[in-house]
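Novice: Can you read through this structure? Questions will come right after.
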Amino acid sequence: MKRIIVSIFACLLLIGLSACGNSTSSNASKKSLNQLEEAKQNGVLTIGSDGQGAPFTYIDNGEWKGMDIEIFNKIAADLGIKKVEWKQIDFDKLFVELNKGSINIAAEGIYVNPDRKKVINFSNVWFKEGESLVVSNDSSIKSLSDLKNKSVAVQKGGIFVATANKWAQEGKIGKVVVFTSTNDMLLAVNTGKVDATLLDGFIGSYTLHQSANLSLKLAPDYQSKDVGMIAVAGPKSSDTSLLDAINQEMKKLKDNGFIAQVFDKYGIDKSFMVPTGEDQMTNIK
């Protein structure tokens with residue numbers, strides 16, 4: 001009887017060790033995958049956005065829509081990744097979530113600048129644009145020179161916070177008011193809580209074109225001060241396999257006319273496109 005019990009115990013011990021060995025082997029195998037391989041194995045490309053940056057990304061009746069959605073659906077399919085999953089994250093938290101690994105990449109008109117390069121990696125440049133100044137239809141504000149003593153809204157975590165703060169220090173504007181989302185900024189101007197808002201040229205022109213219910217307009221004589229480059233953000237890592245693959249696919253889509261078709265669909269001027277060969281990105285290691 002004792003021999004039987006000992007034999008059973010030995011068998012169970014061997015099974016347990018075998019299972020542990022398989023689990024360890026599986027985990028080690030998963031860790032050895034690079035970012036691209038892991039996305040392919042999981043069958044999901046997870047992208048973070050605040051979902052309020054039309055025409056790049058926006059949510060309509062619970063459905064994600066926009067230029068980036070169409071582009072990434074195509075890129076994922078061409079890379080053999082079955083599904084694209086979008087996660088709504090406040091813009092100022094995107095890079096934190098990116099480096100935590102809760103998303104693979106972040107996309108939504110993200111400007112490239114030296115400070116951001118310190119904490120994230122960027123893809124090659126997708127588009128270029130400058131900021132726009134949005135005011136109410138009955139506003140007398142036409143340009144930067146009209147903003148003295150006026151309040152200007154900007155988005156928390158956005159690149160134009162620094163621009164507006166600099167103007168305030170120089171006495172060019174009265175007060176900087178920070179909001180969480182583009183929608184909140186536009187609503188604040190529309191309801192008279194602030195005098196103007198500074199936002200992406202893409203987003204400003206598209207939103208005003210689409211939203212007839214907003215009594216807003218672009219300041220007619222305003223000239224962009226911060227023409228910049230827009231790219232996709234990836235985690236700060238030596239593993240750039242996923243961004244490298246996205247770069248290759250984006251080149252194909254620029255060259256075969258797919259991106260031009262997307263621009264046409266959303267009524268965006270093609271002067272915002274950055275041609276292949278002029279879009280190379282250098283990240284900080």
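Novice: Which of the helices in the chain meet the span-like rule: DSSP H, Cα axial reach of 15 Å or more, Kyte-Doolittle mean at least -1.0?
Specialist: What comes out of the filter, once short or polar helices are dropped, is 2-31, 67-79, 241-255.
Novice: Taking amide H atoms as placed 1.01 Å from N in the peptide plane, list the residues 5 or more away in sequence, or in a different chain, whose amide H sits under 5 Å from that of F127.
Specialist: Amide H to amide H, under 5 Å and 5 or more residues apart or across chains, F127 pairs with I230.
Novice: Next question, about the same structure. Gaussian network model of the chain, Cα springs within a sub-10 Å range: biggest mean-square fluctuation belongs to which of S123, S238, S205?
Specialist: S238
Novice: Oh, and also: Around I89, with a cut-off of 15 angstrom between Cβ atoms, what is the net charge of the other residues, counting Lys and Arg +1 and Asp and Glu -1?
Specialist: -3
Novice: Given the -39500 (n - 2.57) contribution per DSSP H run of 4+ residues, what per-residue ellipticity at 222 nm results for the chain, rounded to the nearest 500 deg cm²/dmol?
Specialist: Result for the chain: -12000 deg cm²/dmol, rounded to the nearest 500.
Novice: Using modelled backbone amide H atoms (1.01 Å from N, in-plane), which distant-in-sequence or interchain residues come within less than 5 Å of F56's amide H?
Specialist: Correct list: M67.
Novice: Still on this structure, please answer the following. Rounded to the nearest 0.05, what FRET efficiency do A260 and N213 give with R0 = 41 Å and r taken as the Cβ-Cβ distance? Could you check?
Specialist: It comes out at approximately 0.85.
Novice: Then there's this: Out of these labelled values of Rg and Dmax of the Cα atoms in Å, (i) 23.8, 70; (ii) 24.0, 98; (iii) 22.5, 87, which was calculated from the coordinates shown here?
Specialist: Entry (ii).
Novice: Take the Cα of N149, step 7 Å along the line toward its Cβ, and report every residue of the stretch 159-176 whose backbone nitrogen sits under 13 Å from that point.
Specialist: Output list for this probe position: 173-175.
Novice: Treating only the Cβ of Lys, Arg, Asp and Glu as charged (+1, +1, -1, -1), what charge dipole size does the chain show about its Cα centre? Round to the nearest 20 debye.
Specialist: 1020
Novice: Can you tell me, using C-alpha contacts under 8 Å and at least 6 residues apart, the relative contact order of the stretch 131-218 as a whole percent?
Specialist: For the stretch 131-218, the relative contact order is 43 percent.
Novice: Related question: P220: net charge of surrounding residues, Cβ under 13 Å, Lys/Arg +1, Asp/Glu -1, itself excluded?
Specialist: Result for the neighbourhood of P220: 0.
Novice: Further question: What does the charge count around S151 come to, taking other residues whose C-beta lies under 11 Å from its C-beta (Lys +1, Arg +1, Asp -1, Glu -1)?
Specialist: Once all neighbours under 11 Å are counted, the net charge is +2.
Throughout, read-outs are computed from the coordinates displayed, never taken from laboratory work. These numbers were taken from a predicted model, which means no experiment stands behind them. So basically every Cβ, Gly included, is an ideal-geometry build from the backbone, and we count neighbours across all protein chains shown.
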